[in-house]
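**Q** Questions regarding the structure given below will be posed in turn.
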Amino acid sequence: MLRPQDGPTRERKSLNGLWRFTLDPASEGRDAGWWRQPLREARDMPVPASYNDVPVDAAVRDHVGDVWYQTTVRVPRGWDGERVVLRFDAATHRAVVWVDDIEVVRHEGGYTPFEADVTAHVRAGEEVRITAVVDNRLTWHSVPPGIVEETAAGPRQNYFHDFFNYAGLHRSVWLYSTPPSHLSDITVVTGLSGTSGSVDYQVETAGADGADVRVALIDAEGSEVARASGAVGVLSVPEVHPWRPGEGYLYDLLVELVDGDDVVDAYTLAVGIRTVEVRGTEFLINGNPFYFTGFGKHEDLPVRGKGHDDVFLVHDFALLEWIGANSFRTSHYPYAEEVLDYADRHGIVVIDETAAVGQNLGMIGGLTGRDYPPTFSSEAIDDTGREVHAQAIRELVARDKNHPSVVLWSISNEPEAHTDSAREFFEPLFALTRELDPTRPVGYVNQMLAPPDKDQVDQYADVLMINRYYGWYRQTGELDAAEPELRAELQEWAKRGKPIIVTEYGADTLAGLHSTLAQPWTEEYQVEFLEMYHRVFDEIDAVVGEQVWNFADFATKAGIIRVDGNKKGVFTRDRRPKAAASALRRRWRGPGPWRTDA
Ligand code: BDP
């Protein structure tokens, strides 16, 4: 699926702004056909944003079930004869969309785009009503999973991950045009050999019998460096300027669908020429060992929740640069495509994660004292759940396959991994990911209950991604006791002969809380905690990355171990640095393996 783009043959119109919005607490709207008329008793709701925190209303914040969004849009006069597409960059967690009275698309999964060809339902110059019902319920058949529980006070959403279940239209909505004969997908795979580069490309078209494809590669200075024709081919780039961490050099691949001398459709794709490879315990980018520094992040902001925001996009990347981070993980779901574009342009390396998080009922049962069924079983995440997970992987790879910044797929965060059923669940998902993208390594993020002697899933992973909390959830406040435990476990993992990225380590820290003897929750403790981990990482060659949990404080559901959310941020939720920020900056901007040019 190609993103909407303005170009010589295509136009797009943003539907962002204030939509009409209403809750559907009694789940009446689908039966009553609420899409057929203007929503009754509706209020204004900005798009993109999570709806939860925008009105000051507990019924909205804690709503479980359907909400309805509606707007009208006038199709541009000039689009007569064009193909018209309605696209949602995301609707969390699932949606059905109508244009006037006609259902045009439905989609499962809160963090990947979907679209509908609405040409037959619109007329250039005329207005249409667009209605979307968005359902925030999490079930055993959603990614991530959850359970809706009926209580005397109404339905309650129970879920097993540690961030607030924000929902709504989190990303942009577009109406866009393409010619009826059009380019429908482009895939590139890049290579490097000495001073030359290559771009293997594959172009899909629709309704374009008899038309030809031609492509040209343009460098950042605007000069054409290679051209070819045919829907599949290879472009050779002598004296290539590679994309590399720290320098997001991009070429433009101009793809044209031509009929004789006529350009029927054109699309420009940014291409970074780089390679990724795992060799022994090394993670190589462009053949050079790469050491990941940075964070697990969240899409999380005051008021807008998970709504994409360009101001914080630019600000967060500025903070990454300030602190010397070269990478982040899209914990725990695919981020807005604007984020990946920015990472491409700025040479920031991305571990790209599906929304599979909280697939670990044994752990949750242990924490809550509740009895849950086995995670991967007919009573919880079953074959249907696995197919939903597989589809989430397909949509992630389809969306992000061309981003040079994406170097590693993470197919699940902290799932149960020590059981036979976990092994059986994940084996085909790893195989699927590799089949979809043979060019990038694949991994999953390991949790404490599946140490090296118990993990049954790590055998499928190219890279070991490990989250550990010695000194926080275990040996709380006892860094001297935590350090040997951490060292011993990492040394065990290192024997696997694969690269290790510690994808989470961190301590909740209340900004402004200080103590002379480092105590948990103080800024001093966070600094000493990180320093302890770094001491251990520096001793173990197989550790090729450190991503602190978390970049910034973030919202969670209420809980007795959360004070106004998770406070493991190195920055507060409004992006002020805690003491750990300067400590990390000293390390990551100082000498170390992360400074090697990849
Ligand atoms: C890990 C999870 C992450 C949590 C973190 C924590 O991967 O989502 O927020 O722990 O407890 O288990 O802070």
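**Q** Test A450 against the stated conditions and say whether it is within 13 Å of the ligand (Cβ to nearest atom), open to solvent by less than 10 Å² (accessible area, probe 1.4 Å), outside any helix (DSSP H, G or I) and over 27 Å from R279 (Cα atoms). Outline the logic, then answer.
**A** Values: within 13 Å of the ligand (Cβ to nearest atom): yes; open to solvent by less than 10 Å² (accessible area, probe 1.4 Å): yes; outside any helix (DSSP H, G or I): yes; over 27 Å from R279 (Cα atoms): no.
In short, no.
**Q** Only residues that are exposed (fewer than 15 other Cβ atoms within 10 Å of the Cβ) and either assigned to a strand (DSSP E or B) or on the phi < 0 side of the Ramachandran plot (or both): list them for the range 184-202, please.
**A** Looking only at the range 184-202, we keep the residues that are exposed (fewer than 15 other Cβ atoms within 10 Å of the Cβ), and these are 193-196, 200, 202.
Passing the criteria: S193, T195, S196, D200, Q202.
**Q** Could we say that V357 is under 14 Å from the mean Cα position of the chain (by Cα) and either of a type outside the set (D, E) or under 26 Å from N165 (Cα atoms) (or both) here? Outline the logic, then answer.
**A** Numbers: under 14 Å from the mean Cα position of the chain (by Cα): yes; either of a type outside the set (D, E) or under 26 Å from N165 (Cα atoms) (or both): yes.
Against the criterion (under 14 Å from the mean Cα position of the chain (by Cα) and either of a type outside the set (D, E) or under 26 Å from N165 (Cα atoms) (or both)), V357 qualifies.
**Q** Do you know which residues across the range 394-407 are touching a Phe, Trp or Tyr at 6+ places or on another chain (Cβ under 8 Å) and either in a helix (DSSP H, G or I) or open to solvent by 10 Å² or more (accessible area, probe 1.4 Å) (or both)?
**A** Once the filter is applied, which keeps residues that are touching a Phe, Trp or Tyr at 6+ places or on another chain (Cβ under 8 Å) and either in a helix (DSSP H, G or I) or open to solvent by 10 Å² or more (accessible area, probe 1.4 Å) (or both), the range 394-407 yields L396, V397.
**Q** Only one of these is open to solvent by less than 20 Å² (accessible area, probe 1.4 Å) and basic (K, R): R123, R171, R129, R137. Name it. So that I can check it myself, show each step before the final result.
**A** Working: R123 fails: open to solvent by less than 20 Å² (accessible area, probe 1.4 Å); R129 fails: open to solvent by less than 20 Å² (accessible area, probe 1.4 Å); R137 fails: open to solvent by less than 20 Å² (accessible area, probe 1.4 Å).
Among R123, R171, R129, R137, only R171 is open to solvent by less than 20 Å² (accessible area, probe 1.4 Å) and basic (K, R).
**Q** Would you check which residues across the range 335-382 are open to solvent by less than 10 Å² (accessible area, probe 1.4 Å), part of a helix (DSSP H, G or I) and small (G, A, S) and list them?
**A** Scanning the range 335-382 gives a single hit, A343.
**Q** Looking at A518, is it crowded, with 17+ Cβ neighbours inside 10 Å, at pLDDT below 95 and more than 15 Å from the ligand (Cβ to nearest atom)? Lay out the reasoning, then the answer.
**A** Details: crowded, with 17+ Cβ neighbours inside 10 Å: yes; at pLDDT below 95: yes; more than 15 Å from the ligand (Cβ to nearest atom): yes.
Criteria met by A518.
**Q** I'm trying to understand the selection: among the residues of the range 250-271, which are in a strand (DSSP E or B) and acidic (D, E)?
**A** Within the range 250-271, D252, E256, D259, D262, D265 meet the criteria.
**Q** Oh, and also: Taking R279 and the conditions (1) in contact with a Ser or Thr (Cβ under 6 Å, 6 or more places away or on another chain); (2) of a type in the set (K, R); (3) closer than 24 Å to R496 by Cβ, which numbered condition does it fall short on, given that it satisfies the others?
**A** Here R279 meets the rest and fails (1).
To keep it simple, each residue is scored yes or no on (1) touching a helix residue (DSSP H, G or I) at 6+ places or on another chain (Cβ under 6 Å); (2) modelled with pLDDT of 95 or more; (3) closer than 27 Å to E489 by Cβ; (4) more than 13 Å from the ligand (Cβ to nearest atom).
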position: M532; (1), (2), (3), (4): yes, yes, yes, yes
position: D538; (1), (2), (3), (4): no, yes, yes, yes
position: N550; (1), (2), (3), (4): no, yes, yes, no
position: F554; (1), (2), (3), (4): no, yes, yes, no
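**Q** Return a yes/no flag: does the range 581-596 have any residue that is farther than 22 Å from F283 by Cα and in a loop (DSSP other than H, G, I, E, B).
**A** Scanning the range 581-596, I find no residue that is farther than 22 Å from F283 by Cα and in a loop (DSSP other than H, G, I, E, B), so the answer is no.
**Q** Ok, one more. When the range 272-304 is examined, which residues are found to be among the basic types (K, R) and either crowded, with 24+ Cβ neighbours inside 10 Å or part of a loop (DSSP other than H, G, I, E, B) (or both)? Let's see the steps before the verdict.
**A** Initially, the range 272-304 is screened for residues among the basic types (K, R), giving 274, 279, 297, 304.
R274, K297, R304 - these are the residues of the range 272-304 that are among the basic types (K, R) and either crowded, with 24+ Cβ neighbours inside 10 Å or part of a loop (DSSP other than H, G, I, E, B) (or both).
**Q** So which residues in the range 33-43 are open to solvent by less than 60 Å² (accessible area, probe 1.4 Å) and in a helix (DSSP H, G or I), if there are any at all?
**A** W34, W35
The values are calculated or read from the model by the stated rules, or taken from the named source; none is laboratory data. Because the structure is a prediction, the values reported are computed rather than measured. Here Cβ is always computed from backbone atoms with ideal geometry, including for glycine, and neighbour counts include all displayed protein chains. Each accessible area value is taken on the protein alone, full model and side chains, heavy atoms only, with ligands, DNA and RNA left out. Shrake-Rupley method; radii C 1.70, N 1.55, O 1.52, S 1.80 Å.
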